[in-house]
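Everything below concerns the one structure shown next.
The values are calculated or read from the model by the stated rules, or taken from the named source; none is laboratory data. Keep in mind the model is a prediction, meaning the values are calculated, not measured. We place every Cβ from the backbone using ideal geometry, glycine too, and count neighbours over all the protein chains shown. For accessibility, only protein heavy atoms count, side chains too; no ligands or nucleic acids. Shrake-Rupley method; radii C 1.70, N 1.55, O 1.52, S 1.80 Å.
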Amino acid sequence: MYNSKITGLGYYVPDNVVTNEDLTKFMDTTDEWIQERTGIQERRWIEEGSEDTSAVMGAKASRIAIERAGLTKDDIDFIVFATLSPDYYFPGCGVMIQDMLEMRTVGAIDVRNQCSGFIYGLSVADQFIKTGMYKNVLVVGAEFHSGGLDKTSRGRGVTVIFGDGAGAAVLSRTEDNNKGILSSHLFSEGKHAEELIVKAPSIRHWVPEIMEANDENDESYFPYMNGTFVFKHAVVRFSEAIIASLEANNLQSTDINMLIPHQANLRISQFVQKKFGLNDDQVYNNIMKYGNTTAASIVIALTEAWELGKINDDDIVVLAAFGSGFTWGSVIMRW
């Protein structure tokens, strides 16, 4: 059986920087309130009229990742695209990437696991490579949140958190069983699905009902989050996922060279860092600059950490996420 190893990374974020102060111009909030609760100082939102979408941003990140892997688009055997904000209700963004990059007719799937999407996507790609089915798999995480947020004071508890962006990783076959992904660990608990949700549109509230109601005050189209409930579960589940990775590989927290947590909330990351006794050089956070980019957050942060020289050959790297569903998981690798 083969191992899979990340051979190329890339990310793309829109140029448009939206600071906390910018948000105060159209909703009742403050920079102090946002930073105290989330650690976020600014985020990137796609400007009106831009060509950028989840698929377009994903394609831009993918071109960088493929080039850095020393490959061409024709070397990619399969695409896994993670997003909660696809360009269309259907088809998914995976097939759009295949077209935008002018690839041959490779398979493509979309993963709808929200904040855990990139973790789930990596695990899918890893299994395809481990079994020998594919040699190079492109895994993309991309989100266009800003177009679907309630940008009034009513939505401030959620809207201030989210940003737009995309990241991509090329996962390639290696015969070195001591390198690459060592294991992945995935979990879910659907009974809490409605604690973090966008309820509409759905089969229970579909086009005829939407058109008939024509209700401008219908909040079901906007993200809802029970913030305190989600936070309490996140700190527990993040820890569980990290412990699962370490135990499966007979490692201790002291063996972690770099932890890349999903960028949900800086306070969650700090809590987890303290719990595992990790110093600032062992954890990478960039939520301060980009906000929560959901399925894109881990791969954007991983790419930045690698670009900054914070991840080196033979390092133990742990990726962990928790989010809507609830779903959570981790991937542990030796770089």
When the chain is treated as a GNM, springs tying every alpha-carbon pair under 10 Å, which of A200, A59, A69 comes out with the largest mean-square fluctuation?
-> A200
With a 1.4 Å probe and every protein chain kept in, tell me what percent of the accessible surface of the stretch 156-309 is carbon plus sulfur.
-> 49 percent
Heavy-atom accessible area of F229 with all protein chains present, probe 1.4 Å, nearest 10 Å²?
-> 60 Å²
Per residue, how many Å² of accessible area does the stretch 117-269 show with a 1.4 Å probe?
-> 46 Å²
Under a cut-off of 23 Å between alpha-carbon atoms, report the lysines in cross-link reach of K60, not counting same-chain residues fewer than 8 places apart.
-> K5, K73, K135, K289
Which value, in Å², gives the accessible area per residue of the stretch 34-83 when a 1.4 Å probe is used on the protein heavy atoms?
-> 42 Å²
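Pick out the long, greasy-scoring helices in the chain: whole DSSP H runs spanning 27 Å or more along their own axis by Cα, mean Kyte-Doolittle at least 0.5.
Both cut-offs are met by 227-248.
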Can you tell which of I311, I242, I40 shows the greatest fluctuation in a Gaussian network model of the chain with Cα springs below 10 Å?
-> I311
Excluding residues fewer than 8 places away in the same chain, name every one of the lysines whose C-alpha is closer than 20 Å to that of K199.
-> K151, K191
Counting Lys and Arg as +1 and Asp and Glu as -1, what is the net charge of the other residues whose Cβ lies under 13 Å from the Cβ of Q282?
-> -1
Got a number for the accessible area of W206? Probe 1.4 Å, square angstrom, nearest 10.
-> 90 Å²
If you rank T131, T19, T294 by how much accessible surface each has, with a 1.4 Å probe, what is the order from largest down?
-> T131, T19, T294
May I ask you to derive the FRET efficiency for E307 and K191 from their Cβ-Cβ distance with R0 = 41 Å, giving the value to the nearest 0.05?
-> 0.55
Please figure out what share of the DSSP beta bridges in the chain is antiparallel and state it in percent, rounded to the nearest 5.
-> 70 percent
Heavy-atom accessible surface of the stretch 61-131: percent carbon and sulfur, 1.4 Å = 53 percent
For the chain, calculated [θ]222 nm from helices alone, where every DSSP H run of n ≥ 4 adds -39500 (n - 2.57) | -9500 deg cm²/dmol
